[in-house]
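Contents: one structure, followed by commentary.
Nothing in this text is a laboratory measurement; each read-out follows from the coordinates by a stated rule. Bear in mind that the values here come from a model prediction, so they are computed numbers and not experimental data. Glycine gets a Cβ as well: all are built from the backbone with ideal geometry, and neighbour counts include every protein chain shown.
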Amino acid sequence: MKICLKCESPISRGWDCPSCRWSPSHQAGFPLFAPGIASGFDAYSASAHDRLPQVEESHFWFVSRNKLIACLLDKYFPQAQNMMEIGCGTGFVLSGLAKNRPEMAFHGAEACLSGLKHAQKRLPGAGLYQMDACRIPFAGEFDIIGAFDVLEHIADDRRALKEMHKALKPDGGIMITVPQHPWLWSKADENARHQRRYTRTGLHEKIKAAGFAIHGTFSFIALLLPFMAASRFREKGQTNTFKEKSTTSTDFFLPEPMNRVFMRVCDLERALVRVGFSFPAGGSLVCIAKKQPKENKPQ
């Protein structure tokens, strides 16, 4: 169900509210639900989206994360019919999932219009919206909401999780990935404009507080964690070869032989996660949670 962001009334046709007559403005064909941040904001630079497509298709981190998300989608949500990705960026994750699950309807939300323009090229049939993750104009609409390396950019991540809860169907769930281990904080996180890195316990607490039950949590980039930690703490100016999620394409550069080796290591990690193995530590965390069923009221 669509809802009006001004008066919270349900909207049945288009985006024109029948109660207060509010409707979002449009730009480049996209409805703008948070126009003040459509051209970029402090937590993310709009120009980053223009550089990402150059590396997403081949870089081990992006490719391996996509494969892991697709694997867990099939494992935990085999019957899902639709999905919204919050912070869909250039549409790389959604396009991969759409190829794997063509029977599903996919939707993408992104604060920056620059990302949506790339996403539209990759997913011409998807519903795409410019919005703030802390004000989602849907209620009870989606089977799954994904947020892949997004929460760490949001100052009020608790509110964003509650908004996701509201937008899900009663039996819906979330898939979340975040950077793990505050002790790994470095200049790379500052370059990527992260607000925080997460502990497993801290992420669980926030997800549960939003009304979810945890169904699975896994560390990834686990076998490569020593390389990542060494890279984070080694002083080499700007020649760091493992700036995990920075905002410039040069920060993703790896020699091709190393990229191939890292890809194979991540394939091994994914095979272990598929059978339920959870590494105790890793560069990132993925968490799957579902809405808590409402307790039956006493007669």
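So the label point goes 7 Å from the Cα of residue 81 along Cα→C-beta, right? Which residues of the range 168-186 then have their backbone N under 14 Å from it?
From the range 168-186, the list is 169-172.
Quick one: length gained pulling residue 39 to residue 223 fully straight, 0.36 nm per residue minus the C-alpha distance?
62.5 nm
Amide H of residue 216 versus every other amide H placed in the peptide plane: which residues, excluding those fewer than 5 positions away on the same chain, fall under 5 Å?
Those qualifying (amide H under 5 Å, at least 5 residues apart or on another chain) are 288.
Using just the helices of the chain, give the 222 nm mean residue ellipticity in deg cm²/dmol: DSSP H runs with n ≥ 4 each add -39,500 (n - 2.57), and the total is spread over all residues, rounded to 500.
Counting only the DSSP helices, I get -9500 deg cm²/dmol.
Just checking my list (i) 1, 4, 8, 10, 12, 13, 12, 11, 9, 7, 5, 3, 2, 1, 1, 0, 0; (ii) 1, 5, 11, 14, 16, 15, 12, 10, 7, 5, 3, 1, 0, 0; (iii) 1, 5, 12, 16, 19, 18, 14, 8, 4, 2, 1, 0, 0, 0 against P(r) over Cα pairs in 5 Å bins from 0, in percent computed from this structure; which label fits?
(iii)
Order of 92-98, 133-139, 14-20, 197-203 by packing, highest average Cβ count within 10 Å first?
With the highest mean Cβ count within 10 Å placed first, the list reads 92-98, 133-139, 197-203, 14-20.
Explain nothing, just the number: dipole magnitude of the chain about its Cα centre with +1 on each Lys and Arg Cβ and -1 on each Asp and Glu Cβ, in debye rounded to the nearest 20.
Here the size comes out at about 380 debye.
What share of the DSSP beta bridges in the range 24-291 is antiparallel, in percent to the nearest 5?
Of the beta bridges lying entirely in the range 24-291, close to 50 percent run antiparallel.
Going by Cβ distance under 4.7 Å, what cysteines of the chain have no possible disulfide partner?
When partners are defined as cysteine Cβ atoms under 4.7 Å apart, the chain leaves 71, 88, 112, 134, 266, 287 without one.
Residue by residue through the range 199-208, which ³J(HN,Hα) values in whole Hz follow from phi under the Karplus form 6.51 cos²θ - 1.76 cosθ + 1.60 (θ = phi - 60°), with glycine and proline marked x?
8, 4, 5, x, 5, 4, 4, 5, 5, 5
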